[in-house]
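Asker: Right, I'll just put the structure down here and ask away after.
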Amino acid sequence: MHVLGLIAYVSGFLSTALMLGIACMGLNMQWGKTGLFNVGVAGFMGIGAYTSALLTTPASAGAISSLGLPIVVGCFGAMLVAGLGSLLVGALTLRLRTDYLAITTFGAAVMIQLVLLNATRYTGGALGFAFIPRPFASIADQPTLFAVLTLVLLALIAFGVYSILEQLVHSPWGRVLRAIRDDETAAISLGKNATVYRLQAFGVGGALMGLAGALQAHLIGFIAPDDFQASLTFQIWAMLVIGGSGSNAGALLGSIVVWGIWSLTGIVTGSVFAAEDQARAAALRIVMIGVLLCVVLVRRPRGLLSER
Amino acid sequence: MQIYAEMKEQPLPHQQLQQRPTQPAGPLLQALGLSKHFGGTIAVNHVSLTVMPGTIVGLVGPNGAGKTTLFDMLAGVAPPTAGRIVLNGQEQQQRAAHTRPTQGLARTFQIPRPFSTLTLLDNVLLGRQQQRGERLLANLWARRRIAREEGAARERAHELLEFVELAPLAEQPAGVLSGGQRKLLELARVLMANPRIILLDEPAAGVNPHLLEKLIDRIARLNQAGTSFLIIEHNMDLIMQLCRHVLVMATGRLLCEGEAHTVLRDPRVIDAYLGTTTP
Ligand SMILES: Nc1ncnc2c1ncn2[C@@H]1O[C@H](COP(=O)(O)OP(=O)(O)O)[C@@H](O)[C@H]1O
Ligand SMILES: [Mg+2]
C-alpha cells in the first residue's frame with residue numbers, strides 16, 4: 001500500500017511536470033527558437049484552461065457550463081483560442097520588438113487575470129471553476145491506477161508535442177526561424193517575411209501554453225484565477241533557462257527539475273512551518289528556484305541541455 | 001591611380017556575351033530620381049538608372065558616394081526620401097523588401113551577412129524561393145513532398161558551394177568563414193534564388209585573386225544565360241571585364257555614365273576618385 005501510494009504520488013508529480021513541460025516547450029518555440037520575449041505565459045495558460053473548462057464541463061449542480069463536450073475537443077479549443085489570442089497580442093506589437101512585446105504580454109496576462117476574476121458568470125470568479133471532467137474519472141476510486149493512466153496519457157501528449165516541434169524545428173520552416181534570429185535583414189533580403197514567421201512561432205507557442213492550461217484544468221478538475229499568476233510565468237521561464245533555452249528536451253528536463261524542487265520544498269516547508277505561515281513559506285520556495293537558477297547559470301550558462 | 005593604368009588593354013568578353021537572341025523590350029530595373037536623406041546628410045541625391053534585361057551595369061565611385069544606400073533603396077530595405085523604383089514594369093513603392101526575390105531581384109551586402117550559426121549548406125538553401133517546406137502547416141501534411149523538394153534543393157546548393165569552392169565546409173557553421181569566403185557564400189546564396197537581376201555590393205572585396213578570376217568568369221556565364229547584374233566594385237579589372245555600361249557616383253549624385261572605357265577616363269571621374277573637388 002505504501003509503495004502504491006508512492007507510485008501514485010510520483011505519477012501525479014510527473015504528470016504535472018509534463019503538463020508544465022508542454023507550456024515550457026511553447027515558450028521555447030517563442031524565446032528559444034525565435035527570440036520572442038513573452039512574460040505573459042500564465043495568461044495564455046489561463047485562456048486555455050478556462051476555454052477547455054467551459055467547453056467540457058457537463059451540466060450539474062453548481063456547474064458554470066453545461067456544454068459537456070469531450071476533453072479532446074476542449075484541448076483543441078484551448079489551443080485554438082490561446083493561439084489566436086497570442087496572434088492578436090503579437091499583431092498588436094506588430095513587429096514584435098523585444099521590449100514592446102514584453103510589456104504587452106505582461107499587460108495581457110494581467111488583463112486576462114482580471115477578466116478571470118471578474119467575469120464571474122463564466123469563470124466563477126475568485127471561487128474558481130469546479131466540476132471540470134478528468135480523464136479516467138470512472139476509475140478514480142483506484143488512485144494508483146488512475147494516476148498511472150493519467151501519467152501515460154500526459155506522456156503520450158508531451159511526446160506528441162515534442163515530436164511535432166522537433167519536426168518543425170528541423171523543417172525548412174524552422175530553418176527560416178533560425179535565419180531570422182541570426183540576421184533578420186539578410187533573411188528579408190532572401191524573401192522571408194520575418195514578421196509573419198515571428199507571428200507564426202508566437203502563435204504556435206501560445207497554442208501550446210493553451211494546451212498546457214487545458215491539461216492542468218483536466219488534471220485537477222478545478223481551476224481558479226490564482227493558478228495563473230506571474231509566479232507561474234516565472235516558473236516556466238526558470239524551467240526553460242535551467243533546462244537549456246533552444247532545446248525541447250531541455251524544456252522537458254527543466255520542467256521536471258524545477259517542478260521537483262518546487263514539490264520537495266513544498267514538503268519541507270509543509271512540515272517545518274506552522275499552518276498559518278504556509279502562505280509566507282511559499283515565497284521561500286520561489287526563492288529556492290531563484291537560487292537554483294543562479295547555480296545553473298553559473299555552472300552551465302546555457303542550461304542543462306543546450307541547443308547544440 | 002594605378003587602376004586607370006591597368007585598364008587600358010583589357011579584353012572585353014562582354015561584347016560577345018551580351019548579344020542574346022530574344023529579350024523583353026522594357027527595362028528590367030529602373031530608378032527614377034531616387035533620393036535618400038539621413039537627417040541632414042544627403043546620402044543619395046536624385047539618382048536615376050536603368051538596367052536592361054541581360055546587361056551588366058557597373059556602379060563605381062569613392063567611399064561614401066552613396067552606392068550602398070542606393071542598393072538598400074533598390075532592395076527595399078531603405079525607403080527612399082523621394083523617387084520611384086520600377087522592377088519588371090511594377091512600381092515598388094508599396095512593396096515590402098521581402099517581395100523582391102520572388103520578383104526576381106536579389107542582392108548581396110558590402111559587409112557580408114551570413115547566418116553565422118547555420119551551416120553553409122543551410123545558408124545556401126535559404127536562398128531558394130517559394131519552398132513548400134517554409135510554410136508552417138505544410139510541414140504537417142505534405143512531409144513526403146517537402147522531403148523530395150528538399151533533396152533536390154540540397155543537390156543544387158551543393159553545386160553552388162562547389163562553384164564558390166566552399167563545398168568542403170558545407171556542414172560547418174558559416175561563422176567560421178573569412179571575409180572573402182563570406183562574400184562567396186553570399187553569392188552562392190543569392191544564386192540559389194535564381195534571380196533575373198542580382199545587385200552585387202563589392203563582390204571582389206577580400207576574395208583571393210584565383211577565385212576572383214573564377215568569379216568574373218561565373219558572372220559572365222550567368223549573364224550569358226540571361227541574368228542581369230548591377231555591380232558596385234572598386235576592382236577595375238572586374239568592372240572592365242564585365243560591364244559595358246558604367247555609372248559613376250560621387251557625394252550622392254550621379255557624376256556621369258556611359259561606356260566603361262570612356263567614363264573611366266573622364267577627368268571628372270578621376271578627380272572624384274582622387275578626392276580633388278571640381279566645380
Ligand atoms: N544609416 C545611415 N545613417 C546615416 N548616414 C548614413 C547611413 N547609411 C549611410 N549613411 C551615409 O551616407 C553616405 C553614403 O554612404 P554609402 O551609401 O555607404 O556609400 P558607399 O557605399 O558609396 O561607400 C555616407 O556619408 C554615409 O555616412
Ligand atoms: Mg558601400
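Asker: What is the average number of partner chain Cβ atoms found within 10 Å of a Cβ in B:113-124?
Answerer: 4
Asker: Give me a comma-separated list of calculated 3J(HN,Hα) values for the range A:170-177, in order, Karplus coefficients 6.51, -1.76, 1.60 applied at θ = phi - 60°, integers in Hz, x for any Gly or Pro.
Answerer: My calculation for the range A:170-177 gives 8, 8, x, 4, x, 4, 5, 4 Hz in order.
Asker: Considering amide H positions built from the backbone, and no H for Pro or chain starts, which residues 5 or more places from B:VAL57, or on another chain, come under 5 Å of its amide H?
Answerer: Result for B:VAL57 returns B:PHE229, B:LEU230, B:ILE231.
Asker: Between A and B, buried accessible area summed over both sides at probe 1.4 Å, in Å² to the nearest 100?
Answerer: The buried area between A and B, both sides summed, comes to about 2500 Å².
Asker: Shifting gears a bit: How much accessible area per residue does the range A:2-228 have, in Å², with a 1.4 Å probe?
Answerer: So the range A:2-228 comes to 40 Å² accessible per residue, rounded to a whole number.
Asker: Running a GNM on chain A with Cα contacts under 10 Å, which residue among A:LEU36, A:LEU127, A:LEU219 ends up with the highest mean-square fluctuation?
Answerer: In this elastic network of chain A, the residue with the biggest mean-square fluctuation among A:LEU36, A:LEU127, A:LEU219 is A:LEU127.
Asker: Given the options A:ALA179, A:ALA108, A:ALA130, which has the most mean-square fluctuation in a GNM of chain A, springs set between C-alpha atoms less than 10 angstrom apart?
Answerer: Comparing A:ALA179, A:ALA108, A:ALA130 in a Gaussian network model of chain A, the most mobile one is A:ALA179.
Asker: Mind grabbing the accessible area of A:TYR9 for me, 1.4 Å probe, Å², rounded to tens?
Answerer: Its heavy atoms expose roughly 120 Å² to the probe.
Asker: Quickly rank B:183-191, B:147-155 as a protection proxy: mean count of other C-beta atoms within 10 Å, highest first.
Answerer: B:183-191, B:147-155
Asker: Helix A:2-27 against the longest principal axis of chain A: what's the angle in degrees, Cα atoms only, rounded to the nearest 10?
Answerer: With both axes taken from Cα atoms, the answer is about 30 degrees.
Asker: Express in whole angstrom the spacing between the alpha-carbon centres of the range A:168-207 and the range A:111-153.
Answerer: That distance is 35 Å.
Asker: Quantify how strongly other chains surround peptide B:125-135 by giving the mean number of their Cβ atoms within 10 Å of each of its Cβ atoms.
Answerer: Other-chain Cβ atoms within 10 Å of each residue's Cβ, averaged: 5.
Asker: Could I ask something else about it? With only alpha-carbon pairs counted, each pair once and no self-pairs, how large is the Kirkwood hydrodynamic radius of the range A:88-190 in angstroms?
Answerer: It works out to 18.3 Å.
Asker: Which percentage, to the nearest 5, of the DSSP beta bridges contained in chain B is antiparallel?
Answerer: Close to 55 percent.
Asker: Beyond a 18 Å Cα-Cα separation, which of these cross-linked pairs lie in this structure: A:LYS33/A:LYS192; A:LYS192/B:LYS214; B:LYS36/B:LYS183?
Answerer: Cα-Cα > 18 Å for A:LYS192/B:LYS214; B:LYS36/B:LYS183; rest within.
Asker: How are the C-alpha pair distances of the range A:2-228 spread across 10 Å bins, as whole percents from the shortest bin up?
Answerer: Calculated P(r), rounded to whole percents: 9, 32, 32, 19, 7, 1, 0.
Asker: Can you give me the convex hull volume of the Cα atoms of chain B, divided per residue and expressed in Å³?
Answerer: 150 Å³
Asker: Here's a follow-up. Hey, if you drop one equal point scatterer on each alpha-carbon of the range A:58-145 and run the Debye formula without solvent, what base-10 log of I(q)/I(0) do you get at q = 0.18 Å⁻¹?
Answerer: -0.97
Asker: So how exposed is B:GLU259, as accessible area in Å² (1.4 Å probe, rounded to 10)?
Answerer: Its accessible surface works out to 70 Å², give or take rounding.
Asker: Please work out the C-alpha center-to-center distance from the range B:33-104 to the range A:75-104 and express it in whole Å.
Answerer: Spelled out, the Cα-based centre of one part sits 35 Å from the other.
Asker: Sticking with this structure for a sec: For the protein assembly as shown, what % of the accessible area comes from carbon and sulfur atoms, probe 1.4 Å?
Answerer: Roughly 62 percent of what the probe reaches on the protein assembly as shown is carbon or sulfur.
Asker: Here is a follow-up. How tilted is helix A:230-243 with respect to the longest principal axis of chain A? Cα atoms for both, answer in degrees (0 to 90, nearest 10).
Answerer: 60 degrees
Asker: On average, how much area does the Cα convex hull of the range B:70-213 cover when viewed from any direction, in nm²?
Answerer: Its Cα hull, projected and averaged over all orientations, spans 9.9 nm².
Asker: Measuring with a 1.4 Å probe in the full set of protein chains, what accessible area per residue, in whole Å², belongs to chain B?
Answerer: Ligands and nucleic acids excluded, the figure is 45 Å² per residue.
Asker: If you build a Gaussian network model of chain B, linking Cα atoms that sit under 10 Å apart, which residue out of B:GLY39, B:GLY66, B:GLY58 swings the most?
Answerer: B:GLY39
Asker: Next up: Per-residue Cβ counts within 10 Å, from other chains only, averaged over A:181-187: what number is that?
Answerer: Mean number of neighbouring Cβ atoms from other chains: 6.
Asker: Could you state how much accessible area A:THR120 has, in square angstrom rounded to the nearest 10, with a 1.4 Å probe and all protein chains kept in place?
Answerer: 80 Å²
The values are calculated or read from the model by the stated rules, or taken from the named source; none is laboratory data. As the structure is a prediction and not an experimental result, all values here were calculated from the model. Backbone-built Cβ (ideal geometry, glycine too); neighbour counts: all protein chains shown. What goes into the accessible areas is simple: the full protein's heavy atoms, side chains included, and nothing from ligands, DNA or RNA. Shrake-Rupley method; radii C 1.70, N 1.55, O 1.52, S 1.80 Å.
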